[in-house]
Amino acid sequence: MATESIKYLAPDTENKAKTQVFPRPGQHTTGLIDWLTTIDHKKIGLMYGMTALFFLIVGGLEALLIRSQLWDHNMDVLTNRQYNQMFTMHGTTMVFLVIMPLSAAFFNYLMPLQIGARDVAFPRMNALSLWCFIGGGLILNLSWFFTGGSPAIGWFGYAPLTDTRFAEVVGDMGPDFWIFSLQILGVASLLASFNFITTIINMRAPGMTMMRLPVFTWMTLIVSFLIILAFPAITIALVELMFDRTYGTNFYDFLEGGKPHLWQHLFWIFGHPEVYILILPAMGIVSEVIPVFSRKPLFGYGLIVFSGAIIGFMGFAVWSHHMFTTGMGVVATSAFAMLTMLIAIPTGVKIFNWIGTMWGGRIRFDTPMLFALGFITMFMIGGFTGIMHSSVPIDAQHQDSYFVVAHFHYVLIGGALFGLFCGFYFWLPKMTGRMLNEKLGKFVFTLMFLGFNLTFFPMHYLGMIGQPRRTHTYNEGHGFETWNQIATIGAFILGVGIVIGIYQFVSAFFNKKLKPAGSNPWDARTLEWALSSPVKEYNFARTPIIKAKDQAWENNYGPRENHAEKEPLDDHGVHMPDRSWWPLVTALGLFGLAIGMLFHRNIDPSGELVRDYTAPILAGSVAVIGMIMWALEGPGGYHLFPKENDE
Amino acid sequence: MTLKMISFFANHSVFRNLFSGLFLLLAGSCSRIDHKQSALDPKGLVSQNQYDVFMLSVWITIFLFCTVGGCLLYVLWRYRAKNAEEAKEIPPQSHGSSFIETGLIIASSIILVILAVPTLQGIVLLNRVPDANDSESLEKLGLDRSQIDGAITVNVTGKRFFWVFEYPQFGIVTANELVFPATKAVRINLRTEDVIHSFWVPKLAGKMDLMPGQENFMWFIADQKKIMGESDAATAMPAVHDGTMRSKVFAKQKFTDEFEPVGGLFYGQCAEFCGNSHAYMSFRALAQTDEDFDQWVKRFQNAQNPNLQTKSYDPQTSYIKNSYVSFADNKLGAGANREYRSVRKTSPGQSPQVAPGAWEKAHSDDYEKGKQLFSSLQCVQCHAVNRTGLGAKGPNLTLYGLRTSLAAGWMRNDEESLSKWLKNSNEIKFGNLMWNGEGIDDRHPLRNLQDDDEKVNQLIAYLLGQS
């Protein structure tokens, strides 16, 4: 690497030496310690992505077990409790440990590159977010090994099924693991979101006005706002549930005057924006890919951004459509039905605009484009069945039937997952510097598209002829067998497709035989494509001065006045912060706190309940010490001096 | 206008055939969509409304999918890059047209209105029983005033994992099989004593949740014409009260048949996840003619009337013919009683012991022994027989021999299934509370019936004798 570096000598060097217990790992850290202490948004993004892909395999295996159990009537692959645990874990894993972190991976990796920034605003906070995510995922999956096994309450955890009063295993700890895991995952999401918002608002390169932001960055911003507004609701709901379970309060215990409805409102006022948290990033990705492969700018950029914001805003006003059958009365039900129908309009706008983008273009059908087209069509079907559900009389039949299962898998696999895979195929050349094998990519798309439709399309029909969801088996004589078998076959095909896809993604980092990508293999439009592949650790050698939307495209094809300029080189170089242990230590503290709280209760020999807070207090102290040391360790860092055009 | 449109889409035979044709394609080998629990085969006013709105939405979305998908296909074909050179061309960089965008927004809003109007009408319909005095809307719905005036009320209580059906107007309670008059509105009050359940009977009325600490409401009214189809009332809705329903259902079809030849038999299911055995929480609803329903109510009222229960023989009383008394019979065991029926008028003191010719055994020996077992095996702790027993832990078993199904609709209620069920219910419904409830462990007599055919047969004789 053509860079030299000097140790950064800050004026407070002496003070720093006094407060530092051990120094921040510096420029030449490599190997495991580098990955554990890194605060580079690109490495954090990669770890986010790889962990999420691992959980995608875990959640996928759970799904395949579910599908095997439903192969025929009265199957014995799983017991009913195991099945219920499976669908709870499958849902929770896929929502919180797969789709959200995969989106976060792209946010992390790309958003700073798209706005011309050195890193996110708070790099260490970003690392804490990553470690909290991994800790939360661990806690959830550790539940398999303790009393009662994993939670069997559904990913929605409806009260009062979560109450200890209705536990079906004595001393069932599953729901507790679930509560603590979601709380820590919530911390991870909140940290990341505050970080992204601050970054996008404050760290855009000169000339990168808000209305020149790439759509993916816009979606990052909107989703981040959704997260910071939606997660407090579930945090409160979970705290109340934890108090109900641990200290015997009565927030949801109807026998003591609590209100199970409260849980549903709190859960869905989080849960519905969550749906948009899952889908908007994928829409952002597709909005980047379609213009590139049509060689045209996005049709109606302003409208797409605005409709994204409207979807985010209205996402908070439709939560009760998950509760149409809970007896809310005519007025509330009607109001939420109408609002839900309205939200279809901004969603439809996006589809029109994507087609408008392709109109008059030169369309290439590379793998990312195939996934983007798959996204549009599958998301359309999911959206249409969504409109059906907004109509209460229809919902009265569809609610909790397999029709709904079909609907949201069309949105979350055909939509979100296809969108994210599209992102992988599109940006991995940027991340690894290598082109992925096109033929294999198209094969993966074919498998996934076929398998997915084979699995989920028959479920519409199964729901209509009366198969309820979340049932571990069905009786003979209902005519459910044939289509369940087809769905199971489809699920395995989909599974094979996803596994090959993941293999392809991971091997791109190691397989030296793949073609080198060059800086802009797709002839793409946004700023990150002006950088080399893989991106250098300092991102931009000189801060770019942005002159137009789609800056990379304008640099190549635009008029001279639209070409980006660069801030002049100075002798200051690029300041790189040192790595830090404290995000990891703080996350470990939080992890220990949760584990300590899970096991703080014991029954002593005389049968008394004994509470021992030593472990949680110790672990909590570690987290607090981590934060204090974090504040005290000082900026540290070093300077890199890249050459003129070295980026 | 929209109403007209719905009825046009829903009733126009061309569209109807087209749609069933679509499903035919989809369903491949099985050409029918009237499965036992199918929402595509509505047999009531509310479910018909739901079906109509659904079909409207299906047509709207098929239209949209074809239009938008067609545009997409056209664009992909028309503007594809045909070769490597073309893929490098730079097309005009147009980036939007507010005219087209606004137009599309307005068009999609209009389409939504077409769905919104029937939606609002449907919300009112499924939440409110029409006013009996509002003859105009009754006429629109094709109802007669008497159908609303004569409405019956059923309090449904969900328990893990079965259903209690209480008829407050008649003071009777049954479980897992809801008997209702086909021509009258049925008001359903939904309650639960544990977690959330959901009452779903697709062919009659969709679903509504049972929320703890809250009473929810739904209603339905069956469509007698649709239930009967081309047959008559006796074929479509055999009487429950004399066991005709049970025997006809058993005779006409196998349990595994996918379609129900008896139109008046409806299948329902708990639709909200409620714990381990949620999948097993199903139920039946049996439609009856008014007359049969009245008879059924009367039988139940008599069976559950504490004043009409068989009393011990009283030497001071003279009994008329066909009186029932209970009297000691040592053949059944020390201190055991048996039920006797008088075959003629008896004068005071003519007990079954003194005048055996005047009395006959009301039930077989197996029945009487089964009755004893029902107590000694502690069945009575959870199951009420011949009493309302609200709040009992298990399903009410009054007139159990009339039921078509066993174990909350999971099996056919015949000797064979009942024997399997009694011997090891855990094998059939893993985690069921009869096997796993509080205080039941391997020492419990119930868990030790596997090899005891004699006892099982006696219990079966007793249970199926409740008819």
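The values are calculated or read from the model by the stated rules, or taken from the named source; none is laboratory data. Predicted model only: the values in this text are computed from it and were never measured. Quick reminder, even Gly has a Cβ in these numbers, built from the backbone with ideal geometry, and neighbours come from all protein chains shown.
Counting only strands (runs of 3 or more DSSP E) that sit completely within the stretch B:184-282, those holding 3 or more residues that are among the aliphatic types (A, V, I, L, M) and more than 11 Å from chain A (Cβ to nearest Cβ) correspond to B:185-192.
Hey, could you check the stretch A:139-164 for residues that are hydroxyl-bearing (Ser, Thr, Tyr) and not in a loop (DSSP other than H, G, I, E, B) and say which is surrounded by the fewest Cβ atoms within 10 Å (Cβ to Cβ)? Don't jump to the end; show me each part of the working.
Here is the first cut: in the stretch A:139-164, the residues hydroxyl-bearing (Ser, Thr, Tyr) are A:143, A:147, A:150, A:158, A:162, A:164.
Then drop every residue that is not not in a loop (DSSP other than H, G, I, E, B), which leaves A:143, A:164.
Values: A:143: 25, A:164: 16.
Filtering the stretch A:139-164 for residues that are hydroxyl-bearing (Ser, Thr, Tyr) and not in a loop (DSSP other than H, G, I, E, B), the one surrounded by the fewest Cβ atoms within 10 Å (Cβ to Cβ) comes out as A:164.
On the stretch given as the stretch B:72-83, residues that are closer than 16 Å to residue A:379 by Cα and at the interface with chain A (Cβ under 9 Å from one of its Cβ atoms) total 1.
The residues listed here are A:299, A:324, A:293, A:313; of these, the one that is of a type outside the set (A, V, I, L, M) and under 30 Å from residue B:212 (Cα atoms) is A:324.
Has the stretch A:349-371 got at least one residue that is in contact with a Gly (Cβ under 6 Å, 6 or more places away or on another chain), farther than 27 Å from residue A:391 by Cα, aromatic (Phe, Trp, Tyr) and within 9 Å of another protein chain (Cβ to nearest Cβ)? Among the residues of the stretch A:349-371, not one is in contact with a Gly (Cβ under 6 Å, 6 or more places away or on another chain), farther than 27 Å from residue A:391 by Cα, aromatic (Phe, Trp, Tyr) and within 9 Å of another protein chain (Cβ to nearest Cβ), which makes the answer no. In the stretch A:534-577, the residue that is surrounded by the most Cβ atoms within 10 Å (Cβ to Cβ) out of those that are part of a helix (DSSP H, G or I) and among the acidic types (Asp, Glu) is A:554. All conditions but one from (1) in a loop (DSSP other than H, G, I, E, B); (2) surrounded by fewer than 20 Cβ atoms within 10 Å (Cβ to Cβ) apply to residue A:299; the one that does not is (2). Would you check if there is a residue in the stretch A:450-457 being buried (at least 21 other Cβ atoms within 10 Å of the Cβ), in a helix (DSSP H, G or I), at pLDDT 95 or above and among the aliphatic types (A, V, I, L, M)? No, the stretch A:450-457 has no match at all.
Take the residues in the stretch B:84-100 that are exposed (fewer than 11 other Cβ atoms within 10 Å of the Cβ) and within 7 Å of chain A (Cβ to nearest Cβ); name whichever of them is nearest to the chain's Cα centre (by Cα). Let's see the steps before the verdict.
Our first condition is that a residue be exposed (fewer than 11 other Cβ atoms within 10 Å of the Cβ); within the stretch B:84-100, this holds for B:84-85, B:89, B:92, B:98-99.
Okay, now just the ones that are also within 7 Å of chain A (Cβ to nearest Cβ), so B:89, B:92.
On the way: B:89: 65, B:92: 63 Å.
Ranking the candidates gives B:92 first.
Could we say that residue B:178 is of a type in the set (A, V, I, L, M) and under 30 Å from residue A:160 (Cα atoms) here? Lay out the reasoning, then the answer.
Details: of a type in the set (A, V, I, L, M): yes; under 30 Å from residue A:160 (Cα atoms): yes.
Yes: the conditions hold for residue B:178.
Among the residues of the stretch A:309-321, is there at least one that is modelled with pLDDT under 95 and within 10 Å of chain B (Cβ to nearest Cβ)? No, the stretch A:309-321 has no match at all.
One line per residue, one yes/no per condition, for (1) surrounded by fewer than 16 Cβ atoms within 10 Å (Cβ to Cβ); (2) modelled with pLDDT of 95 or more; (3) closer than 30 Å to residue A:361 by Cα:
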| position | (1), (2), (3) |
| --- | --- |
| A:477 | no, no, no |
| A:488 | no, yes, no |
| A:504 | no, yes, yes |
| A:511 | yes, no, no |
| A:518 | yes, no, yes |
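Listed residues B:438, B:416; which is within 24 Å of residue B:265 (Cβ to Cβ), free of Cβ contacts under 8 Å to residues at least 40 places away in the same chain and surrounded by fewer than 19 Cβ atoms within 10 Å (Cβ to Cβ)? Break it down stepwise before answering.
Values: B:438 fails: within 24 Å of residue B:265 (Cβ to Cβ).
None of the other options fit; the residue is B:416.
Applying the condition of being under 26 Å from residue A:352 (Cα atoms) and not β-branched (Val, Ile, Thr) to the stretch B:103-141 and asking which residue is surrounded by the most Cβ atoms within 10 Å (Cβ to Cβ) yields B:115. Among the candidates B:392, B:358, B:334, the residue that is outside the structural domain of residue B:165 (by TED's automatic domain parsing), under 24 Å from residue B:442 (Cα atoms) and at pLDDT below 90 is uniquely B:392.
Would you confirm, using the coordinates I've provided, whether residue A:444 is aliphatic (A, V, I, L, M), in contact with a Gly (Cβ under 6 Å, 6 or more places away or on another chain) and in a helix (DSSP H, G or I)? When the stated conditions are applied, residue A:444 passes them.
A count restricted to the stretch B:47-68 and to residues that are within 25 Å of the chain's Cα centre (by Cα) and either charged (D, E, K, R) or facing chain A (nearest Cβ under 9 Å) (or both) stands at 7.
In the stretch B:101-150, which residues are outside any helix (DSSP H, G or I), more than 8 Å from chain A (Cβ to nearest Cβ) and under 22 Å from residue A:393 (Cα atoms)?
Our first condition is that a residue be outside any helix (DSSP H, G or I); within the stretch B:101-150, this holds for B:128-134, B:142-144, B:150.
In the following step, the residues that additionally are more than 8 Å from chain A (Cβ to nearest Cβ) were identified as B:129-134, B:142-144, B:150.
Listed by number, the residues that qualify are B:129, B:130, B:131, B:142, B:143.
Go over the candidates A:211, A:203, A:219 one by one and state the one that is buried (at least 21 other Cβ atoms within 10 Å of the Cβ) and either within 30 Å of residue B:209 (Cα to Cα) or not small (Gly, Ala, Ser) (or both).
Working: A:211 fails: buried (at least 21 other Cβ atoms within 10 Å of the Cβ); A:203 fails: buried (at least 21 other Cβ atoms within 10 Å of the Cβ).
Matching residue, one of A:211, A:203, A:219: A:219.
Being of a type outside the set (A, V, I, L, M, F, W, C) and without any contact (Cβ under 8 Å) to a residue 12 or more places away in the chain is the filter; apply it to the stretch A:303-361 and report the residue that is nearest to residue A:400 (Cα to Cα). Checked the stretch A:303-361; the qualifying residue nearest to residue A:400 (Cα to Cα) is A:327.
Assessment of the stretch A:426-440 against the conditions (surrounded by fewer than 24 Cβ atoms within 10 Å (Cβ to Cβ) and either within 14 Å of chain B (Cβ to nearest Cβ) or acidic (Asp, Glu) (or both)) yields at least one matching residue. Filtered by the rule that a residue be within 19 Å of residue B:307 (Cβ to Cβ) and touching an Asp or Glu at 6+ places or on another chain (Cβ under 9 Å), the stretch B:323-336 gives B:324, B:325, B:326. Considered as a group, the residues in the stretch A:147-176 that are free of Cβ contacts under 8 Å to residues at least 40 places away in the same chain and more than 10 Å from chain B (Cβ to nearest Cβ) include one that is farthest from residue A:589 (Cα to Cα), and that residue is A:170. Looking at residue A:363, is it touching a strand residue (DSSP E or B) at 6+ places or on another chain (Cβ under 6 Å) and more than 30 Å from residue B:212 (Cβ to Cβ)? In short, yes.
For residues that are in a loop (DSSP other than H, G, I, E, B) and out of contact with any helix residue (DSSP H, G or I) (no Cβ under 6 Å at 6 or more places or on another chain), scanning just the stretch B:151-178, find the one that is surrounded by the fewest Cβ atoms within 10 Å (Cβ to Cβ). Quick ask: steps written out before the conclusion?
Going through the stretch B:151-178, the residues in a loop (DSSP other than H, G, I, E, B) turn out to be B:151, B:160-161, B:168-171, B:176.
Then drop every residue that is not out of contact with any helix residue (DSSP H, G or I) (no Cβ under 6 Å at 6 or more places or on another chain), which leaves B:151, B:160, B:168-169, B:171, B:176.
Working: B:151: 17, B:160: 22, B:168: 12, B:169: 10, B:171: 13, B:176: 24.
Step by step, filter the stretch B:151-178, then rank; the result is B:169.
Within the stretch A:199-221, the set of residues being within 17 Å of the chain's Cα centre (by Cα) and either among the small types (Gly, Ala, Ser) or under 20 Å from residue A:125 (Cβ atoms) (or both) comprises A:217, A:220, A:221.
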